[in-house]
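Following: one structure in structure tokens, then a few remarks.
Derivation of every value follows stated rules applied to the coordinates shown; laboratory data play no part. No experiment lies behind these values; they were computed from the predicted model shown. Please note: Cβ atoms are built from the backbone with ideal geometry, for glycine as well, and neighbour counts cover all protein chains shown.
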Amino acid sequence: MKTKSMWAITFALMLLVSGCSTWDGMSKRERSATTGAAVGGVAGAVLTNGGVLGTIGGAAAGGVIGDQLGK
């Protein structure tokens, strides 16, 4: 069951990132925040073995870090 939820979360994050296929209209800061949220979400899911709170926390932290690095 954990494997299925981790694959579902990974697929959802990949789908979310692929939805931003036009990076042209986004600033460097927005691109960094989006990428950071995706990477953080996947890292949070892996570290918590597919835990929802870990995934959400990782995505939030990654988004904030990406936003600050893209500033």
>> Please list 3J(HN,Hα) in residue order for the range 38-55, calculated via the Karplus relation 6.51 cos²θ - 1.76 cosθ + 1.60 where θ = phi - 60°; whole Hz, with x for glycine and proline.
In response: 5, 5, x, x, 5, 4, x, 5, 5, 5, 9, 6, x, x, 5, 5, x, 5
> If we sort 29-38, 6-15 on the protection proxy, mean other Cβ atoms within 10 Å, highest first, what's the order?
Replying inline: 29-38, 6-15
>> Once you place label points 7 Å from the Cα toward the Cβ at A61 and R29, how far apart are they in nm?
In response: 2.4 nm
>> Tell me the net charge near S32. Cut-off is 9 Å between Cβ atoms, S32 excluded, with +1 for each Lys or Arg and -1 for each Asp or Glu.
In response: +2
